[in-house]
Amino acid sequence: MMNESISENFTNGFLDNLLNCNRSACSDIAHSYLSSNHSVIQLYEDVFKVALYEVGKLWETNKISVATEHIATAITESILNELFEQIISNKRCYRKVVVACVEKEQHQVGIKMVADVFEMNGWETFFLGTGIPNNELIRYLHEIKPDLIAISLSVYFNFTNLLKMLDILQKEFPGLQIVIGGQAFNHVSADMTDRMGNVIVLTDLYILDKFIQTYNK
Ligand code: B12
């Protein structure tokens, strides 16, 4: 309970400063959260994600402008990049993961966090973000030969693009382990996920971290 309210204070402070476009205050909050005994995953899940979901609600209800939403996202992405050197693990496990969004998906903050969790667990991570066409992805996978691909889907109406992407991946790389996540799955029914074939759906970074640790054994 105590811990929850501490996180809430940081999250509210972070959100206020995002909305006021105060990048350096946001950065200070992120660093002091980590120094007060919280993990990077807690920072991502309980501060950054909660604040950006709130930004989404404010944007959806026209309480903030598109510009403010863009700045809030850009600040968060810049802090993720700033923290990267700090989170990278010295213990390498010599596994490779390609991390990408479904074609036509424009949301890349969540999947960047996913890439970081793999890095923290010693994986060599190839973060493609948004905007990679399927044919270029296939070409890249042939080049990198990863152990696993992680895919993100945020917007529900891109689900058919996900099915198309999975179909191509599963034909071209039958043995490749595929993990998928993203907030679109809050709106996808079980009979739809059944159509995805042999893939693993993971809902958040805590679960992803456990999955990677089991996989690393
Ligand atoms: C920023 C933002 C944008 C930016 C994105 C810029 C960028 N660089 O990423 C821009 C402006 C491009 C954008 C565009 C649009 N957006 Co937008 N956007 C957002 C906003 C405010 C924040 C997104 C974010 O970063 N969230 C924080 C991250 C950390 O959360 P996350 O993505 O869920 O990721 C977490 C988990 O899902 C998980 N995860 C994610 N992927 C994966 C993958 C794996 C393998 C695993 C294990 C886990 C995992 O890990 C993360 C940590 O837990 C959200 C609000 C919201 N609720 O998120 C709306 C939101 C996602 N957008 C929305 C919409 C509707 C749109 C547009 C259609 C708007 C429009 N009319 O044009 C377009 C869509 C374009 C497209 N084809 O994708 C809706 C989606 C509704 C829905 N259910 O489908 C939301 C929810 C806003 C709202 N409330 O209406 N958006």
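The values are calculated or read from the model by the stated rules, or taken from the named source; none is laboratory data. None of these values were measured; they are calculated from a predicted model. A quick note on method: Cβ atoms are made from the backbone with ideal geometry, for glycine too, and the neighbour counts reach across all protein chains shown.
Just to be sure before I move on: is N3 at pLDDT 95 or above, assigned to a helix (DSSP H, G or I) and more than 21 Å from V114 (Cα to Cα) in the structure I sent? Can you show your working first?
Numbers: at pLDDT 95 or above: no; assigned to a helix (DSSP H, G or I): yes; more than 21 Å from V114 (Cα to Cα): yes.
No.
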Identify, please: which residue in the stretch 71-93 is over 17 Å from the mean Cα position of the chain (by Cα) and of a type outside the set (A, V, I, L, M) and is, among those, farthest from the ligand (Cβ to nearest atom)? N90
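Among the residues of the stretch 69-77, are any in a helix (DSSP H, G or I), closer than 30 Å to K217 by Cα, in contact with a Ser or Thr (Cβ under 9 Å, 6 or more places away or on another chain) and not charged (D, E, K, R)? Explain how you work it out, then say what you get.
Just the residues of the stretch 69-77 that are in a helix (DSSP H, G or I), to begin with: 69-77.
This time we only want the ones that are closer than 30 Å to K217 by Cα, so: none.
Within the stretch 69-77, none of the residues are in a helix (DSSP H, G or I), closer than 30 Å to K217 by Cα, in contact with a Ser or Thr (Cβ under 9 Å, 6 or more places away or on another chain) and not charged (D, E, K, R).
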Collect the residues in the stretch 174-217 that are over 13 Å from the mean Cα position of the chain (by Cα) and at positive phi, keeping them in residue-number order. G197
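Could you please find all residues in the stretch 73-104 being touching a residue at least 60 places away in the same chain (Cβ under 8 Å) and in contact with a helix residue (DSSP H, G or I) (Cβ under 7 Å, 6 or more places away or on another chain)?
Selection gives C93, V102, E103.
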